[in-house]
Amino acid sequence: MRLFIILFLSSSFALFSQTFYSVDYSYQSDIKVYVVDYEYQADLLVYKLKNKYEVKGNSGLWYFTEQNYQADFKIFFVDEKYQSDLNVFFVDNKYQAKWKSKSKKQLLF
């Protein structure tokens, strides 16, 4: 029974964590991201974390891993907005991270 609970909790945590790896080619990615110039243009306001343990749910707190196998999502940064699945704006403070377009939230589940 304990093993079941441990496995359930660890899999639940993995479902909601936000670790990313930036790939070199579009075909390697799970999602294509465009970084917009202004906050109002974004679907998601993202704060880049320095420590993996700070990751909490699907709230715009992103941690970038060193290796692709460590990431929940592989992302590719596109050059044009029309190529993207998700438009993000990187914020300076952790408390600013949030979804602006709830319809896109399902992309990171």
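Would you kindly calculate the mean projected area, averaged across all directions, of the convex hull enclosing the Cα atoms of the stretch 21-68, in square nanometres?
Taking the Cα atoms of the stretch 21-68, their convex hull projects to 4.2 nm² on average.
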- For the stretch 2-108: relative contact order, % (alpha-carbon pairs under 8 angstrom, 6 or more apart): 39 percent
- Message: Restricted to Cα positions, what overall size does the stretch 2-108 have along the principal axes? Three whole-Å values, descending.
- Response: 48, 32, 26
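No value in this document is a laboratory result; all are computed from the given coordinates. Please read these numbers as outputs of a predicted model, since none were measured by experiment.
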